[in-house]
1. Suppose every K and R has +1 on its Cβ and every D and E has -1 on its Cβ; what is the size of the dipole of the range 31-389 about the Cα centre, in Debye to the nearest 20?
2. Assuming a ≥ b ≥ c are the square roots of the Cα gyration tensor eigenvalues, decide whether the range 313-390 counts as rounded (a/c under 1.5), prolate (otherwise, with a/b larger than b/c) or oblate.
3. In the structure displayed, which of LYS79/LYS212; LYS146/LYS274; LYS79/LYS134 lie more than 25 Å apart, Cα to Cα?
4. Assuming a ≥ b ≥ c are the square roots of the Cα gyration tensor eigenvalues, decide whether the range 213-343 counts as rounded (a/c under 1.5), prolate (otherwise, with a/b larger than b/c) or oblate.
5. Identify, among ILE304, GLY277, ALA293, the residue whose Cα sits farthest towards the positive end of the charge dipole of the range 253-307, taking +1 on the Cβ of Lys and Arg and -1 on the Cβ of Asp and Glu, with the dipole about the Cα centre.
6. Given bins 20 angstrom wide, list per bin the percent of all Cα-Cα distances in the range 31-389, short to long.
7. As a footprinting exposure proxy, order VAL373, VAL357 by other Cβ within 10 Å, with the fewest listed first.
8. Picking from MET239, ALA206, GLY192, whose Cα lies most toward the positive end of the charge dipole for the range 31-389 (charges on Cβ: Lys, Arg +1; Asp, Glu -1)?
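Please treat every number below as a calculation from the coordinates, not as lab data. This structure is a prediction, so every number in the text was calculated from the model and none was measured. All Cβ positions, even for glycine, are placed from backbone atoms using ideal geometry, and neighbour counts span all protein chains on display.
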Amino acid sequence: MKTFFVVVVLLSNFNSAFGSNEKLIAEMISKVNKSEIEQVISELSGEKEVLGGKYILSRQIGHPGNGLAAKYLVDSYEKIPGLKAGIHKFNPRLLAKITGTMIKGLYISKMNSEEKKMALAIIKETKDFATKYKDSNWDNIYSIHKGETKEHVILASHYDSVVRRDSAVHKNPKKGINRDIEPVRIGSLSPGADDNASGVAATIIAARILSKYRFKYSIMFLNLNAEELGLVGSTAFAMKELIKFGKIKSVINADMIGHDANGDGVMTISSGEKEEGLKDIATISHKSLKKEAGYNLNPTYVSIEQDLDEPHGPFIASDHLSFYNMGVKRAIMFGEGVYDHGPKLNLTQMNPAYHSVDDDVTNLNFDYINNIVKLIVSTVAREAVVLGRK
């Protein structure tokens, strides 16, 4: 009888705590604001001024706007009560070589001849950039919301952009957009509203909301540089900087979450085949959010291994892979729906302005972004285990 009583009390306490956590998560979700998201994306993509009258016309490596974007991110985190911004500086020379080695070792064996040609061209391009900027340091920006433990949940997004074509004219309505058939155009305007001001906005908005709550695990908000040159910034951070922060529980990455071609709410959640349970947390968050008015997301789960097997792929390789390859198996990415259910690749869903000067806010669906930000906030809150308000 005594044992039964203890079990009942424990279950009662658990249910009470679980219900309390769900109420807190619902409260967080209610704070996601579409206008605020649009403001951040507009500032990052040069539509609106930042830092006293300046405009971020490009965030491409080699353009002054890349450094201005870094300052904007530092300023954004410093304005959030309780948060401080950190800067991880890295030199591109060594990391370009490491990135090239990783791509060759991990992926090229699975590529067809056309894919190999493209991958080798990107590796050469990255090395050329590294040589050109050998005396430079590039910046990753981060901020940490401390939890009860020093184990971290990372919410990441890359902030650099790239232009490889003048406009979106390369789109084939039947086959979707062509891949990167042209080299990086240094000096071009590169607004990168979808790729990846949308993901960075998710990180900043999440920081503003989550910083008002207490968590079991610490949360790192991380904005990475030089992703477009082959995951260089995330490779640098994962290999050189991560050890300073102790154990990493998981990585949640947001990359291109702004374009919903036909309004069907399809989005992609990507992970490696050995991912250890984080996508289950995302599924719980999605099912909970389905009760929300206006929430119409339709997630497709795709492994990076399947993506690599696609002709002309990969399409969802992003910074979470740098951490996954370094042993952080709880690593996933939220992105727009280039895969239909099956999952089946559907390039007609891809943003036609991808890697062009036309990647601006006019191609974005802010209701769609708003819903993905809600899913991200909810997933991070569950993964970090919310304990209460500050």
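1. Using only the charged Cβ atoms, the result is roughly 1180 debye.
2. It comes out oblate by the Cα gyration axes.
3. Checking Cα-Cα distances, LYS146/LYS274; LYS79/LYS134 exceed 25 Å.
4. Verdict is oblate for the range 213-343.
5. Farthest along the dipole direction, towards plus: ALA293.
6. 33, 63, 5
7. With the fewest neighbours first, VAL373, VAL357 line up as VAL357, VAL373.
8. MET239
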